[in-house]
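Working notes, beginning with the structure itself.
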């Protein structure tokens, strides 16, 4: 089975469409959404409609911090994120809000665990940026494979039974074997707002038959989404960072 | 010791296990066969028992990741992998040839044989490096020779793959490798520089020529580090008949700083195959080790200064290609030769590590093969070399970055292609003559080279405006999309 893992879509419809299309062409049998469907971006309604349509067809979706912030204005955020969130709240109807509120924080799928930020309980929402964050996250779970987003930076970490940790920045389109002797934590990168200097959308594809994970970078019309951010009256800095992928 | 799940007669997913051919601390090897495969196979499984070096298991995991991605004549062909019980295994092609290990009893070998062998090993390393892998354990027992002569690199347990997690590097604090052959940067824990394999090959060539290991066989980390400041006894001191050019090459491979070695293994192979083109430096004449004061200064210098860790190594898709320029020296080709030179001059600043090989083909008649000396007694071959140097003079390239080759063949395009294939040339620059009756009848050399070369080919033409250039331009179809968008 091939499982496409998509995180941090952030109301970017074009990026989501491009990744869905790419995953289809790669033969994905199942879609898993790892949270943060809204915030920052200009198309929260369209994105939620797409996620709802996919979950109706069997996709799995968990909640992210931005999704929780729609109903809960005590989530701490940067000023631009806060402005975008206030705008987002005004865009969403009751059905969309109900959908976001219904999402679980974690989903266990056999030996796989899907979460937005990390397996640790929240708050706070933990960023897995360094090896030691990955170690704590893997130690907080017993799953063979953990998948998350939240940092917007693709990464792969593996740990042995004796606590030896290996960390790696994946190369696009190169399948990496995940041998069963280790437990693995995959940070899939962001669909809708990349932050590693490459503006292309990021997602990952797990092949459970061969036990390999492939990170992909998918180009989409970044300029169009940036223009839509400006048209919506959202902070111009959010359009600028999208163009640069920062 | 845990009972192994693999023994002669075991059937592993259709593969029949034969006799055990090797039993080591890290792994065991068995002969194997499959009814559908016409060649012999090898099963490899890590040694799993109390007290096994954990590196054995991690090394096996690395090999499981790397081997299936490798292709070509210089690696064993990957066949399958799996697990029986708790015992993981790999199945690969069994190379029907010996390793270089038995040769150790014959040392020292004739220097010409070492140079030829070194060139074949460098070619194998170049092939591996182009596949994103640094071997990091190049030594006689890991080098096998096919009956057809190609050197095959085996055992990827210590290797580093550019595009995969480095389990070995992350998990072990001490450097892993084989003490006599390990490069200084590898001793310091750097595992991603392809030039580390050049150092190991330098050790091997030194050992094979002199019968002595350049840095001994140290058993402790302190002994391993000695090679950072202590240079080896020059090979010619031990083996006076070793030619200066070979000492030059060996000592360049053994440079402490990776940047002072050859940019890529392809450059090294090129040097070993063209001794007359090796630029001789002080290395070639050296007959004693560096003076005590120099060694003392290096001994107490910061190792990170001697072997900087941060600098990105030369990559094959990067800035150190081998550029072959095919130059037609005939008078009617003079305009194109000038255009060709200015093209090369424009390319070089972007490729600081590039090595330029200037080629000219001396066309032999198909019948009279022995006309290297013309009527005036002037050696045409030498004359051509002089003209090639003259052509290249304005490029201002220092010696060592440029070489000159006059190939003799009745068929220029196949001579160029042969050179390109044998020397792993990355880019051919060749001129195309203006259309002529002869070209339309025989087909041009440049178009044949462009069609058949396994690398990038730039065909250079001296642009002249022709009558047809003044016809109306075709309409630019892309324009309308701009006005709408």
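Please treat every number below as a calculation from the coordinates, not as lab data. Note that the coordinates shown come from a computational prediction; the quantities given were computed from them, not determined experimentally. For neighbour counting, all protein chains shown are included, and Cβ atoms are generated from backbone atoms with ideal geometry for every residue, glycine included.
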message: Output needed for chain B: three equivalent-ellipsoid semi-axes, defined as square roots of 5 times the C-alpha gyration tensor eigenvalues, in descending order, whole Å.
response: 45, 30, 24
query: Using 7 Å Cα-to-Cβ label points, what is the residue A:109/residue B:342 separation (nm, one decimal)?
result: 6.1
message: How tilted is helix B:54-66 with respect to the longest principal axis of chain B? Cα atoms for both, answer in degrees (0 to 90, nearest 10).
response: 30
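In Å, the Kirkwood hydrodynamic radius of segment B:101-306 over pairs of distinct alpha carbons? All intermediate terms of the calculation are to be shown ahead of the outcome.
Working: mean 1/r = 0.0581 Å⁻¹.
Computed over Cα pairs of segment B:101-306, the Kirkwood hydrodynamic radius comes out at 17.2 Å.
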- prompt: Taking only the alpha carbons of the protein assembly as shown, what extent do you get along each of the three principal axes, in Å, biggest first?
  reply: 99, 84, 63
- prompt: Ranked by Cβ crowding within 10 angstrom, fewest neighbours first, how are A:212, B:264, A:169 ordered?
  reply: A:169, A:212, B:264
message: Residues of segment A:163-195 with backbone nitrogen within less than 14 Å of a virtual label 7 Å along the Cα-to-Cβ line of residue B:5, please, listed as ranges.
response: A:180-181
task: Choose one answer from A:123, A:42, A:235: the residue with the largest mean-square fluctuation in a GNM of chain A with alpha-carbon springs under 10 Å.
output: A:123
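In what order do A:187, A:174 fall by count of nearby beta-carbon atoms within 10 Å, going from fewest to most? Walk me through the numbers on the way to the answer.
Details: A:187 33, A:174 17.
Ordered by Cβ neighbours within 10 Å, fewest first: A:174, A:187.
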- line: Computed D for segment B:11-93, Stokes-Einstein, Kirkwood radius over alpha-carbon pairs, 4 °C, 1.567 mPa s, to the nearest µm² per second, is 98
field: Dimensions in Å of segment B:81-156 - Rg and Dmax from alpha carbons
entry: 14.8, 50
query: When the helices in the protein assembly as shown are scored as -39500 (n - 2.57) per DSSP H run of 4 or longer and the sum is shared across all residues, what 222 nm value do you end up with, to the nearest 500 deg cm²/dmol?
result: -9500 deg cm²/dmol
field: Residues of segment A:19-56 with amide N under 13 Å of a point placed 7 Å along Cα→Cβ from residue A:209
entry: A:27-29
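Arrange B:402, A:229 by Cβ neighbour counts within 10 Å, fewest through most, would you? Spell out each step's value before the answer.
Details: B:402 21, A:229 26.
Least to most surrounded, the residues fall as B:402, A:229.
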message: Taking R0 as 51 Å, what FRET efficiency do you get between residue B:462 and residue A:227 from their Cβ-Cβ distance, rounded to the nearest 0.05?
response: 0.60
- request: On a 0 to 90° scale, report how tilted helix B:334-347 is relative to the longest principal axis of chain B, with both axes built from alpha carbons and the result rounded to the nearest 10.
  value: 40
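Going from the alpha-carbon gyration tensor of segment B:49-191, what semi-axes, largest first and in whole Å, does one get by taking the root of 5 times each eigenvalue? All intermediate terms of the calculation are to be shown ahead of the outcome.
Details: eigenvalues 130, 72, 47 Å².
Semi-axis lengths for segment B:49-191 are 26, 19, 15 Å.
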task: Give me the angle, in degrees from 0 to 90, between the Cα long axis of helix A:79-91 and the longest principal axis of the Cα atoms of chain A, rounded to the nearest 10.
output: 70
